[in-house]
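Each remark here refers to the structure printed beneath this line.
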Amino acid sequence: MRERFKITRQVRVYTAQGRLTMAILMALPPGLLVVMSFVNRDFISVLYLDPIGRLLIVIGVVLQTCGFFLIRRIIHIQV
């Protein structure tokens, strides 16, 4: 039983980089959107006003979600 807990802790240490990468990649696009909204509102407003911009936002959210589940699947190791 102790060996299993020891191995579980080691796996968590080995997958820490993957978890950090996932957190950064998930936070980067919304964070960049907020920063760009403050820096140049006209540049970002095209995404909200144009139909193609809205479609691109939807595609981005879908791809972001797929990436989240893919990274989570990669770093989830069964012990």
Tell me the mean residue ellipticity at 222 nm calculated for the chain from its helices only (DSSP H runs of n ≥ 4, each -39500 (n - 2.57), averaged over every residue, nearest 500). -30500 deg cm²/dmol
What angle do you read, to the nearest 10 degrees and between 0 and 90, between the alpha-carbon axis of helix 51-75 and the longest principal axis of the chain? 10
Computed E for Asp50/Ala16 - FRET, C-beta separation, R0 30 angstrom, nearest 0.05: 0.15
Lys, Arg +1 and Asp, Glu -1 on Cβ, resulting dipole of the chain about Cα centre, debye, nearest 20: 680
Percent RCO, i.e. relative contact order, over the chain, from Cα pairs under 8 Å lying at least 6 residues apart: 44
Go ahead and run the numbers for FRET between Asn40 and Leu63, Cβ-Cβ distance against an R0 of 30 Å, rounding to 0.05. 0.80
Cα-based Rg of the chain per 2.2 N^0.38 Å, rounded to two decimals? 1.58
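Rule-based calculations on the coordinates, nothing more; no lab input. Source: prediction; values computed, not measured. Note that each Cβ is placed from the backbone with ideal geometry, even for glycine, and that neighbours are counted across all protein chains shown.
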